[in-house]
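Structure first, then comments.
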Amino acid sequence: MAKLQVAIDLLNIDDAIALATKVAPYIDIIELGTPLIKSEGLTGIRKMKDAFPDKLVLADFKTADAGELEANMAFGAGADYITVLGATGDSTIAGAVKAAKEHGKGVVVDTIGVKDRVKRAQEAIALGAEFVELHAGLDEQAEDGYSIQVLIDEATRAGVAVSIAGGVNLSSITAVKKSGVTVAVAGAAIYGAKDPANAAKELQELAMA
Ligand SMILES: O=C(CO)[C@H](O)[C@H](O)COP(=O)(O)O
């Protein structure tokens, strides 16, 4: 059974909260996507956590430096998780982990742009990350020949707690879940659906099957 995370890549917090209200019954983790955080800042995190105090809120900071400082900012605003780039140095991850321990929260390391995602995932878990996102970002997904299967294969051999992000949808969720992920991340498959609540419900049913 995998948890389901909705990645909200909208630009307006009121729209994001309206979407989260529709899908919350089927979702474990509400992610404020990087564009949403750049648009709305820490106030957006506060508003989302205030609206959903019983849900886990993930701030997709994609932190590249000043790990402890940025993690303190995110956790202080109410986030339960912050993302830190796997491509950055170990000390940045370690700094964010230090802040997470002080707040009783968690660090998710995002492997976007990392060549050897499995090796970096194992290193990140050793540094104290709660789980690692095996991630093909929106640009990589748009490249010719992209298939989520590469992430599914990596999850199968990672041997550590991972999520998959990058094209999780109703067609791929069963294979994603079977790969043993801790969390399946779905963005466009939910916020771009005609009926986001129904899309989230169907994804959750398959993630739990
Ligand atoms: O973090 C992200 C981009 O950097 C996206 O939220 C993540 O890739 C989700 O993608 P999708 O919409 O394909 O589910």
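Would you point out which residue out of 154, 123, 140 is on the phi < 0 side of the Ramachandran plot, modelled with pLDDT under 95 and not aliphatic (A, V, I, L, M)?
Of 154, 123, 140, the one residue that is on the phi < 0 side of the Ramachandran plot, modelled with pLDDT under 95 and not aliphatic (A, V, I, L, M) is 140.
Could you list, in sequence order, the residues of the range 5-22 that are among the aliphatic types (A, V, I, L, M), within 12 Å of the ligand (Cβ to nearest atom) and assigned to a loop (DSSP other than H, G, I, E, B)?
10
Conditions first: (1) within 16 Å of the ligand (Cβ to nearest atom); (2) outside any helix (DSSP H, G or I); (3) of a type in the set (Asp, Glu). Residue 40 passes all but one, so which condition is the exception?
Result: residue 40 passes all but (2).
I need every pair where a residue in the range 117-145 that is under 22 Å from residue 34 (Cα atoms) and away from the ligand (no atom under 14 Å from the Cβ) has its Cβ under 6 Å from the Cβ of a residue that is part of a helix (DSSP H, G or I) and among the small types (Gly, Ala, Ser), sequence separation at least 6 or different chains.
Taking only residues 6 or more apart or on different chains, the pairs are 121/158.
Do we find that residue 170 is within 16 Å of the ligand (Cβ to nearest atom), more than 27 Å from residue 64 (Cα to Cα) and in a loop (DSSP other than H, G, I, E, B) in this structure?
Working: within 16 Å of the ligand (Cβ to nearest atom): yes; more than 27 Å from residue 64 (Cα to Cα): yes; in a loop (DSSP other than H, G, I, E, B): yes.
So residue 170 fits the description; yes.
Residue 204 is checked against (1) part of a loop (DSSP other than H, G, I, E, B); (2) modelled with pLDDT of 95 or more; (3) within 16 Å of the ligand (Cβ to nearest atom) and fails just one. What number does that condition carry?
Single failed check for residue 204: (1).
Checking the condition aliphatic (A, V, I, L, M), touching a Ser or Thr at 6+ places or on another chain (Cβ under 9 Å), free of Cβ contacts under 8 Å to residues at least 40 places away in the same chain and surrounded by fewer than 19 Cβ atoms within 10 Å (Cβ to Cβ), which residue from 59, 71, 64 passes?
64
The values are calculated or read from the model by the stated rules, or taken from the named source; none is laboratory data. Please read all numbers here as calculations on a predicted model, not as lab measurements. Glycine gets a Cβ as well: all are built from the backbone with ideal geometry, and neighbour counts include every protein chain shown.
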